[in-house]
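Only one structure is covered here, and it is reproduced in the block below.
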Amino acid sequence: MELFNLEGKRAMITGATHGLGMAMAIGLGKAGAELIITSTSESNLNMALAQYQKAGFKASGSVFDITDEAEVSKQIASILLDGPIDVLVNNAGIIIREPAIDMSVEKFRRVVDVNLVGAFIVSQLVAKQMIERGGGKIINICSMMSELGRNTVSAYASAKGGLKMLTKNLATEWAKYNIQVNGIGPGYFATSQTEPIRKDGHPFNDFIIGRTPAKRWGDPTDLEGAAVFLSSKASDFINGQILYIDGGILATIGKPNNED
């Protein structure tokens, strides 16, 4: 459908060298978008670009730390020499699992810098050219931790909660420029990182299956549609919203399997 066609669009996805970021980038590529991938690792970037290109997507990339404002500015200026950035997906992030009572301020600050401040830096610089061109799409990758607390993720949850509100505030300020700023909040997904705990009988696997109304982990491909939707004309009057892709976890009190 033409509403979801991204041909002729250039989409920049930060940190999309693996996992959920790569899944969303693949979805955008399938819809026709040219992909611009960022990473802090040249080797990881090259391996990811090889996968994108093998799939038939037009893809290029840059290596930089999204928390380094001067370097981000330099790299985005270089990217813009080859064409506009029509879609920005702020996907890059880190998590440090550690009890709040033990976590150093340095670690806490680093998590917030990457997940929240980095998204602000990239959004601000990309939005300047979107304003000049008359519009664009920005998608911030939030989390269920934008809404809920959990043990050992105080820094991550603080950052993702902040990212939710940054999404709403940027949408408020930039809607008049025809820029739509929305978020995607993934639930629990089957990735290489979660593979060790996705085994029958593992307490966390049983917990997720029991608390998820869909009774399964998300598949990375489940994110493709949301990424395409929020990048396309189909979402031109949607702004400041967080779309949670979680199998229904946030919609329920989460009764265990053995309860009605």
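Structure summary
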item	result
For the chain, built as a Gaussian network whose Cα springs stay under 10 Å, the top-fluctuating residue of P203, P213, P84	P203
Per principal axis, descending, Cα span of segment 1-153 in whole Å	50, 32, 31
Cut-off under 5 Å, modelled amide H: who pairs with I96 long-range	Y156
Estimated inter-spin distance, D206 and E71, nm [label 7 Å along Cα→Cβ]	4.5
Convex hull per residue volume in Å³, alpha carbons only, for segment 176-250	93
Derived scalar couplings ³J(HN,Hα) [segment 191-207; Karplus, 6.51 cos²θ - 1.76 cosθ + 1.60; whole Hz; x for Gly, Pro]	10, 4, 5, 8, 3, x, 9, 9, 10, 3, x, 6, x, 6, 4, 4, 5
Amide H contacts of G61 (H built 1.01 Å from N, under 5 Å, at least 5 apart or other chain)	I37
Calculated [θ] (222 nm, deg cm²/dmol) that DSSP helices of n ≥ 4 give over the chain, each run adding -39,500 (n - 2.57)	-12000 deg cm²/dmol
F189 long-range amide H proximity, modeled H, under 5 Å	G218
Spherically averaged projected area in nm², based on the convex hull that wraps the Cα atoms of segment 57-116	5.5
Hz values of 3J(HN,Hα) by residue in segment 146-151 - Karplus curve (6.51, -1.76, 1.60), Gly and Pro given as x	6, 10, 10, x, 8, 4
Segment 1-58 - convex hull of alpha carbons, volume per residue in Å³	70
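Bear in mind these aren't lab numbers, they're just calculated from the coordinates by the rules spelled out. All of these numbers come straight from a predicted model, not from anything done at the bench. Because the Cβ atoms are built from the backbone with ideal geometry, glycine has one as well, and the counts that use them run over all protein chains shown.
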